[in-house]
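S.K.: Please read through the structure below; I'll follow up with questions.
Rule-based calculations on the coordinates, nothing more; no lab input. Keep in mind that this is a model prediction, so the values were computed, not measured. Because the Cβ atoms are built from the backbone with ideal geometry, glycine has one as well, and the counts that use them run over all protein chains shown.
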Amino acid sequence: MHAKAKAAPEQDWIVVAWMHEPIISRELWDIVQAQISANARPIDFKGNVSMFAGLLTCGDCGRSMSKTTWNGRVTYSCGSYHRYGRSVCIKVKMTAEKNKLRFLQALRLWSSRSVRT
C-alpha cells in the first residue's frame with residue numbers, strides 16, 4: 001500500500017533556473033500575463049450566489065442547473081446542456097421568477113401535507 005504524496009517544505013526545494021530552453025520569450029510571457037490580469041474580474045460570491053444554489057437539478061439528466069445572467073435576466077439551465085450541448089441533454093431552461101413560483105407552490109403543497117399527518 002502506498003502513502004499519499006506530501007509536498008516538501010519550500011526550504012527543501014532545489015530550484016535550477018534556465019535548465020530548459022523556453023518555448024516563448026520572457027517578454028512575450030510578461031505581456032500575456034499582464035493581459036490575463038487585466039481581463040480578470042474579481043469573484044463576488046456574496047452578490048452572485050443564487051438562493052437555489054445546489055438545489056436545482058435537470059429533470060432529464062439529473063445534473064445540476066446552472067445560473068446565467070443575461071441582459072439583467074436570471075435563468076437556470078441544465079449544466080450538461082450548457083457545457084456539452086444537445087448531444088448530452090435537452091435544453092431545459094427556466095427564469096428565476098418561474099422557479100421561485102414553482103418552489104413556493106411545492107413548499108405550500110409540502111406544508112399542507114405535513115400538517116395533515
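S.K.: How long are the semi-axes of the equivalent ellipsoid of the stretch 57-116, defined as square roots of 5 times the Cα gyration tensor eigenvalues? Whole Å, largest first.
M.R.: Working from the Cα gyration tensor, I get semi-axes of 27, 15, 7 Å.
S.K.: Principal axes first, then extents: for the Cα atoms of the chain, list largest minus smallest coordinate on each axis, whole Å, largest first.
M.R.: So the three principal-axis extents are 73, 47, 34 Å.
S.K.: Using a 10 angstrom cutoff on alpha carbons, build the Gaussian network for the chain and name the most mobile of GLN35, GLN11, GLN105.
M.R.: Judging by the Gaussian network model, the answer is GLN11.
S.K.: To the nearest 20 Debye, how big is the dipole of the stretch 57-116 about its Cα centre, given +1 on the beta carbon of each Lys and Arg and -1 on that of each Asp and Glu?
M.R.: Charge dipole of the stretch 57-116: 100 debye, to the nearest 20.
S.K.: Please identify, among ALA53, ALA38, ALA96, the residue showing maximal mean-square fluctuation in a Gaussian network model of the chain using a 10 angstrom Cα cutoff.
M.R.: ALA38
S.K.: Select from ALA8, VAL92, TRP110 the residue farthest towards the positive end of the dipole of the chain; place +1 on Cβ of Lys and Arg, -1 on Cβ of Asp and Glu, and compute about the Cα centre.
M.R.: Farthest along the dipole direction, towards plus: TRP110.
S.K.: Right, next: Can you give the FRET efficiency for TYR84 and VAL49, using 1/(1 + (r/R0)^6), R0 = 25 Å, r = Cβ-Cβ distance, to the nearest 0.05?
M.R.: On the way: r = 24 Å, r/R0 = 0.98.
Efficiency for this residue pair is about 0.55.
S.K.: Distance between the C-alpha centers of the stretch 1-38 and the stretch 49-81? Whole Å please.
M.R.: The distance from the Cα centre of the stretch 1-38 to that of the stretch 49-81 comes to 37 Å.
S.K.: Can you give the angle from 0 to 90° between the axis of helix 26-39 and the longest principal axis of the chain, with both taken from C-alpha atoms, to the nearest 10?
M.R.: On a 0 to 90 degree scale, this one is about 20.
S.K.: At a threshold of 8 angstrom on Cα-Cα distance, excluding pairs fewer than six apart, so keeping six or more, what relative contact order does the chain reach in percent?
M.R.: Over the chain, the number comes to 12 percent.
S.K.: Taking only C-alpha pairs under 8 Å that are 6+ residues apart, what is the relative contact order of the stretch 57-116 in percent? Don't jump to the answer; show the numbers that get you there.
M.R.: Numbers: 65 pairs, mean separation 14.5, N = 60.
In percent, rounded to a whole number, it is 24.
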